[in-house]
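A.B. asks: Below is the structure I would like to discuss, written out as structure tokens.
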Amino acid sequence: MSHQELIDELKESERRMRRGSMAADRDPERIGPVMLLLWETWDRYPTMRLGQLIAAVAGCNQFYMEDSALAENLLHFLGEK
């Protein structure tokens, strides 16, 4: 799956969730691809601590940030967007 396909899939899942119901309906299949993207980013910047990386990527909006926005920010941080 390409990075763009991942983001598109995450956004569609988020749209379905907003139309439907609660956070309990989030697709657990989203976790692996997002974690791989996080790993890819952290592997490129190994001197950063995990907290530093997340703060740099997500800014102060970490708590409410959707997974698709985090994925897009990770790609931007990698220079791919």
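A.B. asks: Just one of the numbered conditions (1) part of a helix (DSSP H, G or I); (2) modelled with pLDDT under 90 is not true of I54; which one?
C.D. replies: (2)
A.B. asks: While we're looking at this one, here's another question. Does E9 meet the test of being surrounded by 13 or more Cβ atoms within 10 Å (Cβ to Cβ) and of a type in the set (D, E)?
C.D. replies: In short, yes.
A.B. asks: On the given criteria, is L50 touching a helix residue (DSSP H, G or I) at 6+ places or on another chain (Cβ under 8 Å) and exposed (fewer than 13 other Cβ atoms within 10 Å of the Cβ)?
C.D. replies: Here the answer is yes, as L50 does meet what is asked.
The values are calculated or read from the model by the stated rules, or taken from the named source; none is laboratory data. Keep in mind that what you see is a predicted model, and the values were worked out from it rather than measured. Positions of Cβ are generated from backbone atoms using ideal geometry, with glycine treated the same way; all protein chains shown enter the neighbour counts.
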